[in-house]
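Asker: After the structure tokens below, expect a handful of questions from me.
The values are calculated or read from the model by the stated rules, or taken from the named source; none is laboratory data. Remember, it's a predicted structure, so these values are computed and weren't measured experimentally. Don't worry about glycine lacking a Cβ; one is built from the backbone with ideal geometry, like all the others, and counts go over all protein chains shown. The accessibility values were calculated without ligands, DNA or RNA, using every heavy atom of the protein model including side chains. Shrake-Rupley method; radii C 1.70, N 1.55, O 1.52, S 1.80 Å.
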Amino acid sequence: MSPSELKEYLRQLVIDEIAISVMIWGPPGIGKSSIVQQIADESDRQFIDVRLSQLAPTDLRGLPVPKAGITHWFPPEFLPQEGRGILFLDEINMAPPAMQGVAQQLILDRRVGNYKLPAGWMIWSAGNRKEDRASVFDMPSPLANRFIHLQVEATIEDFRRYAFEQGISEKLIGFLSFRQDLLHKLNADEMAWPSPRSWEMAERLHHSGLDVEPSVGAGAAAEYYAYLSITENIPDIDGIVSGNKNPAFPSETSLRYATVMSLVSRSDSSDKALHAIRWLVSKALPEWTQLYATDAFPRLRAQGYLEDVHKEILQDDKLRGFLTEFMQLVAA
């Protein structure tokens, strides 16, 4: 599933109070833990992130203390004592078998030693796969059978949505839309390689005038810089969204992606969005207008402009035809 689909699935578990243990599988750098944190924040729940690979079995089971000839286990302070929340066991399969065995009792019985997890808490876990070059241990079958297992992969659609929300450069968004294979590409020959997480780091480096190669690797960085040099030739975006310029749509594919993503970024009002749509409908093939709408409409909805844009589109025969085709595409 995509990150957005994972988020909706987890959100429904919270809404319906389904306290089934969850295991999220996916490559590094795609935001698994960030999604769990967002779900906790949105549902007003506490969030505790426990890295089992950094603990010894007694760290989770508790410290043995004798009392009247009987050993009592004093639980660690990081385990919750009250309230509601998500106990997140990140990188669980990086923990050695002995540690996973202790975690198994917590996951199955919601208790370990003398500790009992409060009723309002859910146990979710995440981990990388062996094919991700992660130093992981096999998960024992009895432990695996305690979970529901969710597989997540990076998608360019989800990254674009996130990137626009975070104010990431439209040029980077355009580049990854053009070279989708570089959104997440694990390279066994380099320590640095492209992922959604490392591209976000690259954005910060580039903004400060620093080389992005240390975050995404030499090959991806070279292609990004080549793309940036080409995008200096994109049309006058501000002129288009203001309705003052009517240039031709670029013929080169990379420039087309750069142009559309720049239009999305600058469409921060109903008037600008309408100028962008009119220009695209008159100058570009339908798939480019549809790409614009896919990213621009959710942003316009969040800003409160989409209803006005729809009303204006419905009053224009040519634009109304585009909207009908787009709605049919979305519904398909």
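Asker: Could you pull the accessible area for Asp316 with a 1.4 Å probe, rounded to 10 Å²?
Answerer: Using a 1.4 Å probe on the heavy atoms, I get roughly 50 Å².
Asker: Using a 1.4 Å probe and ignoring any ligands, DNA or RNA, find the accessible area of Leu228 and quote it in Å² to the nearest 10.
Answerer: 30 Å²
Asker: Which order do you get for Met201, Met23, Met94 if you rank them by accessible area with a 1.4 Å probe, largest at the top?
Answerer: Working: Met201 90, Met23 0, Met94 65 Å².
Most to least solvent-accessible, the answer reads Met201, Met94, Met23.
Asker: With contacts defined as alpha carbon pairs under 8 Å and 6 or more residues apart, what's the relative contact order of region 47-193 in percent?
Answerer: 21 percent
Asker: I'd like the projected area of region 1-114, averaged over all directions, using the convex hull of its alpha carbons. Report it in nm² with one decimal.
Answerer: 8.0 nm²
Asker: Here's another thing I want to ask about it. For region 22-129, which trypsin sites (Lys or Arg not before Pro) pass both filters: DSSP loop (anything but H, G, I, E, B) and at most 14 other C-beta atoms within 10 Å?
Answerer: Numbers: sites: Lys32, Arg45, Arg51, Arg61, Lys67, Arg84, Arg110, Arg111, Lys116, Arg129; in loops: Arg45, Arg110, Arg129.
Within region 22-129, the qualifying trypsin sites (Lys or Arg not before Pro) (loop, at most 14 other Cβ atoms within 10 Å) are Arg129.
Asker: Now a separate question. Which FRET efficiency, nearest 0.05, do Glu307 and Glu232 yield, Cβ-Cβ r, R0 41 Å?
Answerer: 0.65
Asker: Can you give the longest run of the chain that contains no GluC sites (Glu not before Pro) sitting in a DSSP loop with at most 10 other Cβ atoms inside 10 Å?
Answerer: Working: sites that count: Glu17, Glu77, Glu82.
Within the chain, the longest run free of exposed GluC sites (Glu not before Pro) spans 83-332.
Asker: Which one of Ser141, Ser177, Ser215 has the biggest mean-square fluctuation once the chain is modelled by GNM with Cα springs under 10 Å?
Answerer: Most flexible of the set in this elastic network: Ser141.
Asker: Also, quick follow-up: With the full set of protein chains in place, find how many percent of the accessible area of region 2-112 is carbon and sulfur; take the probe as 1.4 Å.
Answerer: Carbon with sulfur: 53 percent of the solvent-accessible area.
Asker: Still on this structure: Could you list, bin by bin from short to long, the percent of Cα-Cα pairs of region 227-332 in 5 Å steps?
Answerer: Percent of pairs per bin, in order: 2, 13, 25, 26, 20, 9, 4, 1.
Asker: At 10 °C and 1.306 mPa s, grab the translational diffusion coefficient of the chain from Stokes-Einstein with a Kirkwood Rh over Cα pairs, rounded to a whole number in µm² per second.
Answerer: This corresponds to a translational diffusion coefficient of 70 µm²/s.
Asker: For Lys272, give me every one of the lysines with a C-alpha distance below 23 angstrom, ignoring sequence neighbours fewer than eight places off in its own chain.
Answerer: Leaving aside lysines fewer than 8 places away in the same chain, those within reach of Lys272 are Lys171, Lys245, Lys283, Lys311, Lys318.
Asker: What order do Leu205, Leu108 take when sorted by accessible area (1.4 Å probe), most exposed first? Walk me through the numbers before you get to the answer.
Answerer: Details: Leu205 45, Leu108 85 Å².
From most accessible down to least: Leu108, Leu205.
Asker: Here's something else I'd like to know. 222 nm [θ] for the chain, helices only, -39500 (n - 2.57) per DSSP H run of 4+, per residue, to 500?
Answerer: Mean residue ellipticity at 222 nm (helix-derived): -15000 deg cm²/dmol.
Asker: Kindly report the accessible area of the chain per residue (heavy atoms of protein chains, probe 1.4 Å, no ligands, DNA or RNA), in Å².
Answerer: It amounts to 49 Å² per residue over the chain.
Asker: Share of region 155-265's accessible area from carbon and sulfur, percent, 1.4 Å?
Answerer: 48 percent
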